[in-house]
Amino acid sequence: LRNWLSGPLEPADGPASARDRIFRALAELLAALDVTTLVVEDAHWADDSTLQFLLFVVSRPDNAVGIVLTVRPGEVEDSSPIRLLGTRAAAGAAPVRIGLGPLGRAETARLASSMLGAVGVERELADFLQHHSEGLPLAVEESVRLLSDRGQLVRGGAGWRRAGEGGLDVPPTVRDSVLERVDRLD
C-alpha cells in the first residue's frame, strides 16, 4: 500500500492522534483506489470506530466518497454517531433518507415468485409467508428456501403452494438457518 499513500505520517502522540493517523491513511487509500461509494449494510451494528471513520470521511473538505448506509432506526441509540452522518454532507451534496417498511402480501408474493422461477404463488402461501416473516425480506427469502429445501413446496395449477399444514419452524436466526442448509451438504 506504500506506493498509494503519501509519505510517512508523524508519530502518534496518543490514542486520538493514532486514530486520526489511521483515518487519514485509510482516506488516502480510498482516494488512491478511486473509491466513489462506500456501502455499509446494517450500520446499526457497526462499532464506534467504524462510525467515527465514516464521520471523518464525510467531514473532509476534499471528500469525494459517497456513503450508503442501511440502518434499522429502532436499533440506533440516541448517542450513536450514525445520527450525525446525515448532517455532515459534502458541499453540493444532500443526504437522502429512504424509509422502507415491511413487505405487504403482494410484495411478499412477488419476492417468493422470483425465487421460484417466476411462477406465481398461491394466495395461501403468500399470506403464510407474509404473516410468518412479518414482511421482512430476508425472513421471506429464508422461509422460501427452507420450505423448498425441506420439500414442503409443490407446484399446482395456480402456482406454488405449501405441502401439508402447520407451522414452518424456521430457525430463529439467519445463522441457524444457514447452518441448517450447510448441514445438508455432502
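Within region 139-169, if we keep just the residues that are modelled with pLDDT under 85 and farther than 15 Å from Glu180 by Cβ, the residue that is most open to solvent (accessible area, probe 1.4 Å) turns out to be Glu165.
Just checking, which of Val71, Val119 is open to solvent by less than 60 Å² (accessible area, probe 1.4 Å), touching a Lys or Arg at 6+ places or on another chain (Cβ under 7 Å), outside any helix (DSSP H, G or I) and closer than 30 Å to Asp176 by Cα? If you could, list the steps in order and put the result at the bottom.
On the way: Val71 fails: touching a Lys or Arg at 6+ places or on another chain (Cβ under 7 Å).
Just one listed residue meets the conditions, Val119.
I'd like the full set of residues that are part of a helix (DSSP H, G or I), closer than 21 Å to Leu84 by Cβ, open to solvent by 30 Å² or more (accessible area, probe 1.4 Å) and hydrophobic (A, V, I, L, M, F, W, C), limited to region 31-48. Trp45, the sole residue that qualifies.
The values are calculated or read from the model by the stated rules, or taken from the named source; none is laboratory data. Predicted model only: the values in this text are computed from it and were never measured. Backbone-built Cβ (ideal geometry, glycine too); neighbour counts: all protein chains shown. Side chains included, ligands, DNA and RNA excluded: accessible areas come from the protein's heavy atoms. Shrake-Rupley method; radii C 1.70, N 1.55, O 1.52, S 1.80 Å.
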